[in-house]
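Engineer: Take this structure, written in structure tokens, and hold onto it; I'll ask about it next.
The values are calculated or read from the model by the stated rules, or taken from the named source; none is laboratory data. Quantities reported herein were computed from a predicted structural model and do not represent experimental measurements. Every residue, glycine among them, receives a Cβ derived from its backbone with ideal geometry; neighbour counts consider all protein chains shown. Heads up: the accessible areas ignore ligands, DNA and RNA and are worked out on the full protein's heavy atoms, side chains in. Shrake-Rupley method; radii C 1.70, N 1.55, O 1.52, S 1.80 Å.
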Amino acid sequence: MDLEGGFNRNHVKKESWRTVLTLAYQSLGVVYGDLSTSPLYVYKSTFAEDIQHSETNEEIYGVLSFVFWTLTLVPLLKYVFIVLRADDNGEGGTFALYSLLCRHARVSFLPNCQVADEALSEYKKDGCGSQRPDTGVGARVRTILEKHRVLQRVLLILALIGACMVIGDGVLTPAISVFSAVSGLELSMSKEHHKYVEVPVACIILVCLFALQHYGTHRVGVMFAPIVITWLLCISAIGVYNICYWNPHVYQALSPYYMYKFLKKTQRGGWMSLGGILLCITGSEAMFADLGHFSQLSIKIAFTSVVYPSLILAYMGQAAYLSQHHNIESDYRIGFYVSVPERIRWPVLAIAILAAVVGSQAIITGTFSIIKQCSALGCFPRVKIIHTSSKIHGQIYIPEINWILMILCLAVTVGFRDTKRMGNASGLAVITVMLVTTCLMSLVIVLCWHRSVFLAICFIFFFGSIEALYFSASLIKFREGAWVPIALALIFMLLMYVWHYGTIKKYEFDVQNKVSINWLLSLGPSLGIVRVQGIGLIHTELVSGIPAIFSHFVTNLPAFHQVLVFLCIKSVPVPHVQSKERFLVGRIGPKEYRLYRCIVRYGYRDFHKDDLEFEKDLVCSIAEFIRSEKSETKGVDDVERDDGNMTVVGTHVDGIRLCEEDDPGEEASTSELREIQSPVVVRKRVRFVLPESPKMDVSVREELKELMEAREAGMAFILGHSYVRAKRGSGLIKRLVVDVGYDFLRRNSRGPNYALTIPHASTLEVGMICHV
């Protein structure tokens, strides 16, 4: 079977050609803004210092040949034809590959994983369902990964390196794109005046770009695609003009023979100049990272029919112009604008600046997205995430990260002030992400697609060799700017490691110190305390057992609510969890205890609901569990747990609905729905609207009535406030990580998402010291 045949496991939506073409049009503005602006700085970075410009065309033809084959092999062959098929239920990016591997081999570091999570519809492993092959090399590779904890850590670190470099790219891409676009001013004024104008103008544009982030891209996003299309048509038209006017024979440079002649003549200088040529594929990773917003087919059509030919014509046109102008005095003038006819330079400059802003916007949004995914998987401190659009999926804004990116971006622009060093920094970040993708893809080919190891070795050898060549050329320029992405990656990696380590240690402490259910049952139905009206939500990271904060609380305050819910909100290694599979509800102890456990599952790209809607869904899920516990409603899946029977309950259209009114109104009458109403009205009128079902048991009716009365009385949120400290006798490094690093991050990070809008009057924090 051929390679392509193994990828048919991906879900394929039947879309009309009109829908596909519309998505392809929209993807031009979101996905290809960065890639389309690369002609602004590729030749300028390549010919900066490493290559001595001669009277022959061998260097120019060699660079063009490298650009053509790099664009053909990496974005076209690797991403369009192979990597795009490795989607995680429609989502792409570094964490999508890591998520796929976590589901095919037990290598995830998420602390509260459950067997029940594997029953999620998006947890499927291949086209045949969730079954894994028991024989073959793939099974042996999986066994090795599952046995060795070190390899699992290497896999996580590899994914985090890719994420850190994406964040670094979010700093560097806006700087080099805007700076290169503004550099067109150099041809309209003297060099003395230009150096005082270029940096301030670029900084003003960058400040405006980041300042407008909180409005979201959906307000101006409708203009993104026309801007990028206009830019692509502009550079391709200029390219055709330069080819026809200056050198119609420039097509000869597309032969790979010129790459050999280039390296043979330039030797070390030519190898070092590959760091500039590498910039022609900046933004290629966006094709895969933004896959969740579009379809595979639409991204492929946009690249192969519009972006790829436009870029090739643009680079050929620049090469044709340079091949007839060997007497350019200063290397700073060997840029894009020198090949633009003088009478249209100002319009082209305006379009270039707009295209650079669009490309920068795409990478900034991508940075927000990758940080959200890291946070969901417990690898980044909790930050405030604002969804700027209720209609467009994935449009988010993170204030703290936005201002950090702006400060770093301005520092890079002011500190470097030239395209060459910015290009060195950006190139290293880009090629590192691609190398990470290549490494993870080789494992996906074996573990997820169940192809031969030979195929995976061929993939990593072919594309890895190309990328390693560019990586070495970028790394050698460490002192000329390449140190920036390495420094940023180390800082973010340290931050992620400290947070992840502290989170894991805290969870291990919670597991070791949880209270046994037998202790709870020995207290009797009243739990040995006074039960007051209302619902008490006790937040915990545990998916089984009783958290220590509960015993700590009842020991000091012998009163609690009539309905207790142990609430666990966790992330699972899938992009999205369907609403019908969101809640996992179970009972703790006998019915009369009125103790429930509710596990709420979110994917790493899911939108967390606001508190009021979440409360309603939570109460409805408990009510549905109470009703289905006896009637065993069709479509409800039961999963056996060590502390009871957990049931998958979702927010079904035909399930229980919760109606709340401030004032008692006229009762709804229907022949198909029956209502159970509470006789007591306190602050709200609460009622459950139930679907038609067999006669309800008296105990079930009584339990639902009590749940409604508790809801009317109100909810209280009990949050654990843990102070994590290293155990006595711990080493110096552990004390620094836990007592200094993790404690600082915990005190300066946000609380859980659902806790941000909870009224302070309804919140109670229970403090504990955790010695890890």
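Engineer: Only one of ILE535, ILE549 is of a type in the set (Val, Ile, Thr), surrounded by 15 or more Cβ atoms within 10 Å (Cβ to Cβ) and part of a helix (DSSP H, G or I). Can you tell me which?
Structural biologist: ILE549
Engineer: Separate question: Can you give me the ranges of the helices (runs of 4 or more DSSP H) entirely in region 238-314 with at least 2 residues that are closer than 28 Å to LEU349 by Cβ and open to solvent by less than 10 Å² (accessible area, probe 1.4 Å)?
Structural biologist: Here the list reads 268-277.
Engineer: Another one. Please determine whether any residue of region 414-423 is among the polar types (S, T, N, Q), part of a helix (DSSP H, G or I), in contact (Cβ under 8 Å) with a residue 24 or more places away in the chain and buried (at least 18 other Cβ atoms within 10 Å of the Cβ).
Structural biologist: yes
Engineer: Let me ask you something else. Before we move on, is SER339 open to solvent by less than 30 Å² (accessible area, probe 1.4 Å) and of a type in the set (Gly, Ala, Ser)? Spell out the reasoning first.
Structural biologist: Working: open to solvent by less than 30 Å² (accessible area, probe 1.4 Å): yes; of a type in the set (Gly, Ala, Ser): yes.
Judged against the criteria, SER339 is a match.
Engineer: I'd like the full set of residues that are over 30 Å from GLY269 (Cα atoms) and under 21 Å from the mean Cα position of the chain (by Cα), limited to region 474-503.
Structural biologist: Passing the criteria: ILE491, PHE492, MET493, LEU494, LEU495, MET496, TYR497, VAL498, TRP499, HIS500, TYR501, THR503.
Engineer: Do we find a residue being within 30 Å of ARG746 (Cβ to Cβ) and buried (at least 20 other Cβ atoms within 10 Å of the Cβ) anywhere in region 443-461?
Structural biologist: Of all residues in region 443-461, those within 30 Å of ARG746 (Cβ to Cβ) come to none.
Checked against the condition, which is being within 30 Å of ARG746 (Cβ to Cβ) and buried (at least 20 other Cβ atoms within 10 Å of the Cβ), region 443-461 yields no hits at all.
Engineer: Taking into account only those residues within region 114-162 that are open to solvent by less than 30 Å² (accessible area, probe 1.4 Å), over 26 Å from VAL433 (Cβ atoms) and at pLDDT 75 or above, which is nearest to the chain's Cα centre (by Cα)?
Structural biologist: LEU120
Engineer: Can you tell me which of ILE371, ILE401, ILE364, ILE407 is surrounded by fewer than 19 Cβ atoms within 10 Å (Cβ to Cβ), part of a helix (DSSP H, G or I) and at pLDDT 85 or above?
Structural biologist: Being surrounded by fewer than 19 Cβ atoms within 10 Å (Cβ to Cβ), part of a helix (DSSP H, G or I) and at pLDDT 85 or above holds for just one of ILE371, ILE401, ILE364, ILE407, which is ILE407.
Engineer: Which of the residues spanning region 269-299 are modelled with pLDDT under 85 and among the charged types (D, E, K, R)?
Structural biologist: Scanning region 269-299 gives a single hit, ASP290.
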